[in-house]
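Every number in this text was worked out from the coordinates using simple rules, so none of it is lab data. All values reported here derive from a predicted model rather than from experimental measurement. Cβ atoms come from the backbone with ideal geometry, glycine included; neighbour counts cover every protein chain shown.
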Amino acid sequence: MGNWEDYVRKVEPYVPGEQPDAARMIKLNTNENPYPPAPGVLRVLREYDGNRLRLYPAPDCKPLVEAIAEYYGLKPEQVFTGVGSDDVLAMIFLTFFNAKQPVFFPDITYSFYDVWAGMLRIPYETKALDEDFRIRPEDYYGENGGVIFPNPNAPTGILMELSAIRDILDHNRDVIVVVDEAYIDFGGESALPLIDEYDNLLVVQTFSKSRSMAGMRIGYAMGNERLIRYLNDVKYSFNSYTMTQLSLALGVEAVRDRAYFEETRQKIIATREWTKGELRGLGFTFGDSMSNFIFARHESVPAEEIFAALREQNIYVRHFNSERIRNYLRISIGTPEEMEALIRFLRGWLA
Ligand code: PMP
C-alpha cells in the first residue's frame with residue numbers, strides 16, 4: 001500500500017439540506033421559493049435555441065453583470081457573478097482571507113463558512129451570538145483577517161440594523177468585510193449603499209431565494225471596482241467559464257421583471273407573518289425573522305420529535321444537530337396552502 005493518502009486534501013464537507021423526491025411533499029427545508037421564476041424566465045427557457053450550447057458562454061458573464069448593475073444603479077465593474085452565492089463566497093474566501101489573523105464570523109451562522117475556512121486552511125474564530133441570537137458588533141472590533149456574516153443571519157433569521165453594520169465596518173478598515181445578503185429581500189435593509197463609502201465592503205446576494213432560481217445557481221457580489229477585479233483574477237485562474245449560457249440568459253430575464261419580484265416577495269412576507277402568529281398560538285417561540293424562514297422551538301416538545309413527526313407526513317423542515325440550536329427547527333416559508341397544511345397537522349399532533 002502506497003502512502004498517497006498522506007497527500008490528500010482532507011476536508012469536513014458541508015452537508016446540504018435533503019432534496020427528497022416524494023410525489024406529494026411539502027418541502028420547507030432549504031429555503032427555496034415556492035413560486036415559479038418570473039414569466040420571462042420561463043418564456044426564454046421555452047424558446048431557447050439549444051444550438052447555442054455548442055459555444056462557450058461569455059467568460060466575463062457580461063449580459064448578466066450588466067443587467068444586475070443596471071438594476072442596482074452600479075457600474076458593471078462593481079459586479080461579480082458566480083454559480084450560486086456559494087461559488088461567489090468560496091471565491092471571496094480564496095481571494096481575500098489570506099492573513100495570519102483569524103477571520104471572524106458568528107458561532108451560529110451559515111454552516112458553510114467554517115467548511116471553506118477548513119478546506120482553504122484559513123484560521124477563523126467564531127463570536128457567540130447573544131442569548132437572543134443577536135450579533136454583537138463589539139465582538140468584531142479585535143484584530144482579524146476578515147469578517148463575514150449573513151444579514152439577516154442564517155439560520156436565525158435575525159436582522160442587523162445598518163447602523164450596527166456601519167459600526168463593524170468602522171472598526172475594520174484594513175480587512176475585507178463581507179455581508180452575505182442571501183435573505184435581504186424579505187424585509188431587511190441592504191448594506192449596498194455603503195459600498196461607495198467603504199472600499200473594503202462586499203455585499204453578496206443570490207437568485208436562489210427571492211428570485212425563485214435555486215436550481216439555476218446564480219449568485220453575485222457587489223463592491224468597489226478593485227475588489228471585483230481581484231475576484232475576477234482568481235476566478236479566471238480557477239475556471240474561466242463559471243456560468244452556463246442558460247444561466248446568463250435566464251438570469252437577465254429574472255432581473256428585468258421588477259413587478260413579479262415585488263409581488264412574490266410581498267406574498268412570502270405576508271405568509272411569513274401569518275405563520276408567525278399561528279406558530280406562536282401553538283406554543284412555539286422564535287425571534288422576529290426577516291427572512292423566508294422561521295427558526296423556532298417549542299415550549300415543551302423537543303425539536304427532534306416534531307421533526308420526525310413532520311417527516312412522517314412528508315413535511316420536510318430543517319434540524320441542525322449542533323450546540324445551542326439543537327432544540328430549534330428552521331421552517332421555510334412556502335405557499336399559504338403549504339403553511340396551512342403544516343399548521344393544521346401541528347395543531348392536531350400537539351393537542
Ligand atoms: N448564504 C446563506 C446565508 C445561505 O443560507 C445560502 C443558502 N444555502 C447561501 C448563501 C447559498 O445560496 P446559493 O448558493 O444558492 O446562492
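Counting Lys and Arg as +1 and Asp and Glu as -1 over every other residue whose Cβ lies under 12 Å from the Cβ of PRO63, the net charge comes to -2. Along the chain, counting only trypsin sites (Lys or Arg not before Pro) with a DSSP assignment other than H, G, I, E or B and at most 14 other Cβ atoms inside a 10 Å radius, the longest segment between sites is 174-323. Backbone amide hydrogens, once placed in the peptide plane, bring GLY283 within less than 5 Å of nothing, excluding anything fewer than 5 places away on its chain. Note on region 1-146: with charges restricted to the Cβ of Lys and Arg (+1) and Asp and Glu (-1), its dipole about the Cα centre is near 600 debye.
Cβ-Cβ distance of LYS100 and PHE307, R₀ of 41 Å, FRET efficiency by 1/(1 + (r/R0)^6): the value works out to about 0.50. Close lysine pairs were tallied over region 39-256: pairs 8 or more places apart or on different chains with Cα atoms under 26 Å apart number 8. Loop-located GluC sites (Glu not before Pro) across region 48-132 with a Cβ neighbour count of 15 or fewer within 10 Å are GLU131, with loop assigned by DSSP.
Of the DSSP beta bridges with both residues in the chain, give the percent that are antiparallel, rounding to the nearest 5.
The answer is about 55 percent antiparallel.
Close amide H contacts of VAL103 (hydrogens built in the peptide plane, cut-off under 5 Å, sequence separation of 5 or more or a different chain): TYR124, GLU125, GLY145.
Computed from the C-beta positions of GLU262 and MET1, the FRET efficiency with R₀ = 51 Å rounds to 0.25. Shown here for region 297-332: GluC sites (Glu not before Pro) in loop regions (DSSP other than H, G, I, E, B) with at most 16 other Cβ atoms within 10 Å, namely GLU299, GLU323.
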